[in-house]
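Worksheet: one structure, shown below.
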Amino acid sequence: RLNDLETRWQIKQMEVENLREKVEQNRRLLELGAVAKGRMQEVELDVAKAGLELKKLEKDMAHIREATQTQVEGLELEMKILGKEREEAQRRLERGHIRASRDGVLTWVLAEEGAAVHQGEVVARTADLSSFRVDVTVSDIHAGRLSQGMPVRLRLNEDDYLRGSISRILPTIENGIVNLEVILEDKSSSLLRSNLRVDVYIVTTRRVRTLRVEKGPFVNGGEGMHDVFVIRAGVALRTKVRIGLSSFEYYEVVEGLLEGDEIVISDMRDYLHMEEVRIK
């Protein structure tokens, strides 16, 4: 309808301009006495009527434009409301599908069908096989020797080890146990498994260029003096040896042995009362 009114307005505008030209012509003719005064008044009346009709068309167009704008704004508002309703429906749909925050393997899921699940309740557990963390427990006897950043070796089996470091020491000691978290250099090793139990060795001290012997049951305890049987000329002689640090495979020898000495590393507690034992 607006297009129709605009067309009518253009036609009426041309009609008004044409009538105004006639008024000017009749005014000149009236001055010359070539036209009657009544005719002049008729033309002026036609101009006035056409002007009123033109204004009415302009008002009608303005009213339609205003109504159209109101309708457009109403439609835009309705579209916004529908958009929000769509977003809310999408959110509800997404909440109906549980998505893990990272890639991994599903290790547990709530199996009870129709169970009511409240906000914050666990419905599934996943394991991220691309990034493992090691949780370590240590006796509180060693608490004073532990610090963040200490190097660690993780023993997976007889032949395989992984390296890492202490990333966090939990401040609370529970039942005489200190809990640590270890970050590995190779977090995605194919040897790692979720909930795998391993031996963890924490490196608290380092010594270089020191005498060492292979670990064995011949040492009963930790650092300090021990009776060790040194083999000389087919005889195992009981010798006082001071043991220092111990690592994963070796004991440090502080005194009592020389480089190249051959010793018995098996359990010799049954022979500690003897000064020497003949080796067959």
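Derivation of every value follows stated rules applied to the coordinates shown; laboratory data play no part. Because the structure is a prediction, the values reported are computed rather than measured. Don't worry about glycine lacking a Cβ; one is built from the backbone with ideal geometry, like all the others, and counts go over all protein chains shown.
Taking the Cα centre as origin and putting +1 on Lys and Arg beta-carbons and -1 on Asp and Glu beta-carbons, what dipole magnitude results for the range 212-278, to the nearest 20 debye?
With only Lys, Arg, Asp and Glu charged at Cβ, the dipole is about 120 debye.
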7 Å from Cα along Cα→Cβ at both L211 and L272: what's the point-to-point distance in nm?
2.2 nm
Mean-square fluctuation check for the chain, GNM, Cα pairs under 10 Å: which of R39, R153, R95 is largest?
R39
About its Cα centre, how strong a charge dipole does the range 1-155 have in debye, to the nearest 20, once Lys and Arg get +1 and Asp and Glu get -1 at the Cβ?
440 debye
Could you state the principal axis extents of the C-alpha atoms in the range 131-202, from the largest down, to the nearest angstrom?
32, 21, 20
Toward the positive end of the charge dipole of the range 2-93, about the Cα centre and with charges on Cβ (Lys, Arg +1; Asp, Glu -1), which of A50, V23, Q90 goes farthest?
V23
Restricting to Cα pairs under 8 Å and 6 or more apart, the percent relative contact order of the range 2-93 works out to 36 percent
Non-local residues with an amide H under 5 Å from the amide H of R212, with H modelled 1.01 Å from N and Pro and chain starts lacking one, are V253
Would you mind checking the tilt of helix 37-95 against the longest principal axis of the Cα atoms of the chain, expressed as 0 to 90 degrees and rounded to 10?
20 degrees
So how strong a dipole does the chain carry about its Cα centre when Lys and Arg Cβ are +1 and Asp and Glu Cβ are -1, to the nearest 20 debye?
520 debye
Once a ≥ b ≥ c are taken as the square roots of the eigenvalues of the Cα gyration tensor of the range 1-144, is the result rounded (a/c under 1.5), prolate (a/b larger than b/c) or oblate (a/b not larger than b/c)?
prolate
Compute the long axis of helix 2-32 from its Cα atoms, compare it with the longest principal axis of the Cα atoms of the chain, and write down the angle in degrees, 0 to 90, nearest 10.
30 degrees
Using each residue's phi in the range 188-203, evaluate 6.51 cos²θ - 1.76 cosθ + 1.60 at θ = phi - 60° and report the 3J(HN,Hα) Karplus result to the nearest Hz, with x for Gly and Pro.
10, 4, 5, 7, 7, 9, 5, 6, 6, 8, 9, 8, 10, 10, 9, 8
Among Q71, Q90, Q25, the residue with the largest mean-square fluctuation in a Gaussian network model of the chain built from Cα contacts under 10 Å is Q25
Between the range 172-223 and the range 46-110, the Cα center-to-center distance that results, in Å:
65 Å
If amide H atoms are built 1.01 Å from N in the plane of the peptide, which residues on other chains or at least 5 residues away come under 5 Å of the amide H of V235?
I279
Check I263: other-chain or 5+ apart residues with amide H under 5 Å from its amide H, H built from backbone geometry?
I231
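Calculate the translational D of the range 212-278 in whole µm² s⁻¹ from Stokes-Einstein, where the hydrodynamic radius comes from the Kirkwood formula applied to all Cα pairs, the temperature is 25 °C and the viscosity 0.890 mPa s. Could the numbers behind the result be given before it?
Working: Rh = 11.9 Å.
For these conditions, the coefficient is 206 µm²/s.
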Sum up the charges of everything whose Cβ sits under 14 Å from the Cβ of R232, counting Lys and Arg as +1 and Asp and Glu as -1, but leave R232 out.
-2
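Please give me the summed charge of the neighbours of E259: other residues whose Cβ is under 15 Å from its Cβ, Lys and Arg +1, Asp and Glu -1.
Details: positive: R209, R212, R232; negative: E214, E252, E255, D261, E262.
Result for the local shell: -2.
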N195 paired with Q119, simple spin-label distance in nm, labels 7 Å along Cα-to-beta-carbon:
3.1 nm
Residues other than E121 with Cβ under 15 Å of its Cβ, Lys/Arg counted +1 and Asp/Glu -1, net out at +1
